[in-house]
Amino acid sequence: MLIQSMETFAAAKERPQSRIWAEQATLRALVNSYLRETRQFDPRFDPRIDGQAQEMRVILPQLGRQIGGTLDHFSVTGQHVYGNDWYEVEEEGDRRWLGIEEVMQRLLDELGHRANPEQREVEQQNMKQRIHNSLHKMTLFMDRHLKLASGSTSTGSSQEVHLMYVDSEQSLLMGHPFHPYPKSTEGFMEDELPLYSPEMSAVFQLFYFAVHQDHVQEEWLGEQHRRDAIDPSVRLRAQRQWGEELEHFCILPMHPWQAEHVLHQPHIQSLILERRLIPMGVLGPAFYPTSSIRTVWNVETGNGYKLPLHVRITNLVRDNTQEQARRTLDAAKVIHHLAGEWSSYVQSDALKVLTETGYTRVCFKPDKETEGLGNSDAKYDTGQESESDPVAIKKAVHELEQLSDQLTVLYRPMDVNPESTYVMASLLEPLPGEQEPRLIGVIRDHSPAEAREQPSLSAWLERYLHVSMVPMLRLLAVKGIAFEAHVQNSLLSLQDGWPECCYVRDLEGVSIVREQAETAGWVGSLISEDSPVLYDAQEPWLRTRYYFFVNHLGALIHALAVHQQHSEEEYWRVVRKVLKQLQTQIETQNAVRVQRKPVKDLQPDVHACARLATYIQDLLTDPTLPAKANFISCFQSKGDTPSFIPIPNPIHIREVTS
């Protein structure tokens, strides 16, 4: 018997459609995250029962409770799709209907036992606030989508609109499917969302500063990249206004929200008074914020910037630290160095990297100028050394470093075809109220007019693996380079509806195997011994398995399976097939090599083949893959260093009932 109060029923009926969709997406992310992170990998009440909608249970062992619902699609990687009704199973067998607030509170109460008891209540309140923040933003985004769709219908326009690259960047309405608050932003006022949120189709000019070269730290892949980084119209405006004085300054682009934020800093005000920092104002061409919110792109020039933004987006305030800038540019140097022989290393022209080309960082020297910084009482170079307070000095230096993080810009031009290139994350989301992922519509749009049928999705996936997975594995084996190739960092170009090119971006997530970098001679020449891009061999492989196989392929295969109402296992068999084909190629190459006379120069190739064979064997035989525990990590305030947990490896599991 399902028990539901009349008040709750009435309130549920009054919710607007956008709110209902946002609640469904939020609950799905919360429940899926909880199930994965508590290792409840199959929540079906009776997996032996075959059918589309199956009864399921969420076990809350610390509370001694169970939450029930219906499962419309079982996902081997945990991306389950649920029905709309949730209930609590009571001892008498009755089922008491639960709303989103009650389900959320029970999950938070259960996970509260993972937190420090002294911090449990505070962490619960923080989590609840951010979940509500995300839910509210998602509701606004979906409401806007509804209004745009309604306006398109009323004017007689076709609802089947050709998706463009910028549209894909600005239409990720639900976000990470395994994050408790994927659309939470703390810092923007609500009336600022239409100005700056990609989901609200924002477009804006940037604010520019002229910074005296004494306060600038910068590094570039080459002088031409430095010259191309700032639009000529901005340089011309500055030259007309300041003339020869500009020769001693660097021009720094800034997000307009961030510019307003830093202009209120006392130390910035003092630099402006001394004309060490000159606010140039809002000018130049318009930029579109991309799916990450703080990265912007200009359609005409292809210029792009990863801007600092002192807003908490999901877990973190998105400033650009010195370590992040170093890691990014060190990765860019290595990839730029390999550019001439790139296709030979990955044996493909279909994998491309959109590298950052440089960074500019405003630096502040700890001296008497810091007296006005924040609440610090520290003083420097005053001739009163005996009065200096080491603790206060350390605090002030740290505050200056944080201020520099708020004024560090990374330059990322993106040369892509805006009519046939898309962000994978957006392609895999269906529009609100629809079932079909946008990927299917894009394939349809790009298929030749004479084609009577869309391509087989299994064949399409196989082609996709050859432009993404295979070259990524080869690159890791040959050069020790791994990307954070999750779906928001990956772009796809299509030709006649088929995958043509996979782009990877955001080199701050690159990891390079130290031993292979040293063997290649990069350490001490291209990058330093202490470069933050260098790791032991285990770390790049862990990241590859999570970011590409779990996050990326898991989301892609889930979208294909739900669209066709097939088992996900059908598509994971395609992954296994391509890996085994690659394994056979390696064995054939090794057999040919044995028959030849040994050549010293072939030794590196032998080692690379051995590494590649090991990676493939690991994927085929290891029963688990690593996944981020975002829910628990956020609950424990470890969002910047999340824990990883093992989940079932769908490549290894040959048959899954669904």
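Side notes on the structure shown:
A quick yes/no check of all residues on (1) within 22 Å of residue 327 (Cα to Cα); (2) surrounded by 22 or more Cβ atoms within 10 Å (Cβ to Cβ); (3) out of contact with any helix residue (DSSP H, G or I) (no Cβ under 6 Å at 6 or more places or on another chain):
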site	(1), (2), (3)
392	no, no, yes
395	no, no, yes
418	no, no, no
426	no, yes, no
484	yes, yes, no
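- So residue 190, is it out of contact with any Pro (no Cβ under 7 Å at 6 or more places or on another chain), closer than 30 Å to residue 30 by Cβ and of a type in the set (Asp, Glu): yes
- Residue in the stretch 399-416 that is surrounded by fewer than 14 Cβ atoms within 10 Å (Cβ to Cβ), modelled with pLDDT of 75 or more, of a type in the set (Asp, Glu) and closer than 30 Å to residue 206 by Cβ present: yes
- Going through (1) surrounded by 22 or more Cβ atoms within 10 Å (Cβ to Cβ); (2) out of contact with any Phe, Trp or Tyr (no Cβ under 9 Å at 6 or more places or on another chain) one by one, residue 528 falls short only on (1).
- Test: residue 506 is closer than 30 Å to residue 174 by Cβ, over 25 Å from the mean Cα position of the chain (by Cα) and not hydrophobic (A, V, I, L, M, F, W, C): no
- Tally of residues being part of a loop (DSSP other than H, G, I, E, B) and within 22 Å of residue 257 (Cβ to Cβ) across the stretch 185-238: 10
- Single condition residue 647 does not satisfy, out of (1) more than 30 Å from residue 127 (Cα to Cα); (2) of a type in the set (A, V, I, L, M, F, W, C); (3) modelled with pLDDT of 95 or more: (1)
- Looking across the stretch 103-154, just one residue is under 20 Å from residue 313 (Cα atoms) and touching a Gly at 6+ places or on another chain (Cβ under 6 Å), and that is 124.
- Of everything listed in (1) in contact with a strand residue (DSSP E or B) (Cβ under 8 Å, 6 or more places away or on another chain); (2) assigned to a helix (DSSP H, G or I); (3) not assigned by TED's automatic domain parsing to the domain that holds residue 444, the single unmet condition for residue 512 is (2).
The values are calculated or read from the model by the stated rules, or taken from the named source; none is laboratory data. Computed from a prediction, not measured in an experiment: that's the story for all the values here. Positions of Cβ are generated from backbone atoms using ideal geometry, with glycine treated the same way; all protein chains shown enter the neighbour counts.
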